[in-house]
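What follows is a short report on a single structure.
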Amino acid sequence: MNKLALKLNRTLGPAAEFLSPAGRRMYFPYGGILGQGAEAKSCKINATVGMAFEEDGSPLVMDCFGSGVNLDKRAFLYAGSFGLPKLREAWRAMEFAKNPSLKGKKFSSPVVTNALTHGIRICAELFAAPGDTLVCPDLFWDNYELIFSEAVGCKVVHFNTFRRGAFDAEAMKAALLAPGKKKLLILNFPNNPTGYTATVADAKRIVSAVRAAAAKGKKVVVLCDDAYFGLVYERGVHGESLFAEFADLHRNVLAVKLDGTTKEDYVWGLRVGFVSFAFRGATDEQLKALEAKAAGNVRSGVSNVTSIGQQLALRAFQDPGYAAQKREKFAVLKKRYHQIRVILRTHPEYGRHFEVMPFNSGYFMCVKPLGVDAEKVRRHLVEKYSVGTIVLSGLIRLAFSTVPTAKLDRLFADVDAAIADFTEDKRK
Ligand SMILES: Cc1ncc(COP(=O)(O)O)c(C=O)c1O
């Protein structure tokens, strides 16, 4: 059991006996992203959190969302457990538009969730039982562990994420083929923490690995966590959701798409996300049954999702300025991405102190300190350099979504210096 859960149970003493097994496993991840972020609150450079800020430090928000807070009274009515019908229709049309490969393929109408975390939790509850296995890259968003392992009691097996600078689809395949009839697989592109999206070649290997497992009789539920959808900055990267590939891949594969406004529309607190389903040969009734399962879970948990948030999202999507504003905000992040590439190219000496993990998209990139533990460096960065970063899976994650372009040079120089503080002394 996780040591934070054990501590809470010890504090509860005999009262812990009231808890269910899942209740006993539950804990709040104080030491994770949230705790590390809190330690960096007053840092001069804060590259911790998965939100985005403008060059002047104000929240990066599109006018079509910001101006919508003045809503009609209908925004206070219940939205229903499936979500607002018009919003679901609008999002489905957008999913088609953003993923041309979905053309001609069948998938459910999206059910509205209280953003992506809630959608992932719904899937964990619908598809994963104690004894089932979630197959997940070893560089992953830590909330997966809390949801699948602690909340639902599902076993989580990690596979090696990168091999020679590319996604390690062979390692993923081996994990899928390991004993156990039913597997869940979670894929998150653009990825948190690495900022990596499968290239076109990776995508082919990933799809054929899942096909091979399915052909060997494995039942695979593929969860596509598309939280950072669309934020791709390089050519040769698979720009569509892999959901389109899995939607009709094999009768042993059920595909789930988790997406929403949070990261791609820069509205982190709005809490509007979606879950959609597909499988080969699915009938309309079968897809509707899956929608009903998801909506039943919503009903039993939060009853329904914020109507105000859904109305705001719908209004923003219908706003004639939506597409242009989205492009404009995308350009802010893309510029920072390219600036980081310039910094890394012009400072080859940084390679003595950290390895740059593959990245091409999203809000983040990661470095692996050489010869010193990442957590030690993170603390030192806060204390000596006033730089806030996050450590996940042994890597230092730098959220360039939060750091103005002008401060990126400083950020990398400080990371380099902080590692040198530990390693140069030893070399002397
Ligand atoms: C990979 C990934 N998936 C899902 C989420 C959850 O997003 P939401 O705020 O919509 O629940 C996050 C948030 O950090 C994330 O990084």
Item to complete: Give the calculated FRET efficiency between K368 and K44 to the nearest 0.05, with a Förster radius of 35 Å applied to their Cβ-Cβ distance.
Response: 0.90
Worksheet item: Scattering from the C-alpha atoms of the chain alone, worked out with Debye: what is log10 I(q)/I(0) at q = 0.06, 0.07, 0.13, 0.14 1/Å?
Response: -0.25, -0.34, -1.24, -1.42
Response to the item:
With the dipole of the chain defined by +1 on each Lys or Arg Cβ and -1 on each Asp or Glu Cβ, the option from N143, L12, N297 whose Cα lies farthest towards the positive pole is N297
Worksheet item: What is the P(r) of region 63-318, as percent of Cα-Cα pairs per 5 Å bin from 0?
Response: 1, 6, 14, 18, 20, 18, 12, 6, 3, 1, 0, 0
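Which value, in debye to the nearest 20, describes the size of the charge dipole of the chain about its Cα centre when Lys and Arg Cβ atoms bear +1, Asp and Glu Cβ atoms bear -1, and nothing else is charged? Can you show the working numbers first?
On the way: 60 positive and 43 negative charges, 187 e Å.
I would put it at about 900 debye.
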Item to complete: Keeping all protein chains in position, work out how much accessible area S101 exposes to a 1.4 Å probe, and write it in Å² to the nearest 10.
Response: 40 Å²
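Does region 1-138 classify as rounded, prolate or oblate by the C-alpha gyration tensor (a ≥ b ≥ c root eigenvalues; a/c under 1.5 gives rounded; else a/b over b/c gives prolate, otherwise oblate)? Working shown, then result.
Details: a/c = 1.84, a/b = 1.30, b/c = 1.42.
It is oblate, given that a/c is not under 1.5 and a/b is not larger than b/c.
Taking the solvent-accessible surface of protein heavy atoms with a 1.4 Å probe, what is the per residue accessible area of the chain in Å²? Walk me through the numbers before you get to the answer.
Working: 18650 Å² over 428 residues.
Roughly 44 Å² per residue, with all protein chains present.
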Item to complete: Among V342, V415, V156, determine the one that fluctuates most according to a GNM of the chain built with springs between C-alpha atoms less than 10 Å apart.
Response: V342
Fill in: FRET efficiency for Y30 and W268, using Cβ-Cβ distance with R0 set to 22 Å, rounded to 0.05
0.60
Discussion item. Running a GNM on the chain with Cα contacts under 10 Å, which residue among A151, A40, A413 ends up with the highest mean-square fluctuation?
Written reply: A413
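Compare D421, D373 by solvent-accessible area with a 1.4 Å probe and give them largest first, with all protein chains kept in place.
Numbers: D421 55, D373 85 Å².
Highest to lowest solvent-accessible surface, that is D373, D421.
Give the carbon-plus-sulfur fraction of the accessible surface of the chain in %, rounded to a whole number; probe 1.4 Å, heavy atoms of protein chains only.
Whole-percent figure for carbon plus sulfur exposure: 56.
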Worksheet entry | Cα centroid of region 181-242 to Cα centroid of region 364-428, whole Å | 29 Å
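If the limit is 18 Å between Cα atoms, which of K41/K334; K181/K204; K106/K326; K7/K41; K263/K329 go over it? Don't skip to the end; give the middle numbers.
On the way: K41/K334 25 Å; K181/K204 24 Å; K106/K326 28 Å; K7/K41 26 Å; K263/K329 11 Å.
K41/K334; K181/K204; K106/K326; K7/K41, as the Cα separations exceed 18 Å there.
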Item to complete: Could you work out which residue, out of K183, K384, K155, moves most in a Gaussian network model of the chain, that is, has the largest mean-square fluctuation with Cα springs under 10 Å?
Response: K384
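The values are calculated or read from the model by the stated rules, or taken from the named source; none is laboratory data. If you're wondering where the values come from, they're calculated on a predicted model, not measured in any experiment. Counting neighbours? That spans all protein chains shown, and the Cβs are built from the backbone with ideal geometry, glycine included. Just the protein is used for accessible areas: all its heavy atoms, side chains included, with ligands, DNA and RNA removed. Shrake-Rupley method; radii C 1.70, N 1.55, O 1.52, S 1.80 Å.
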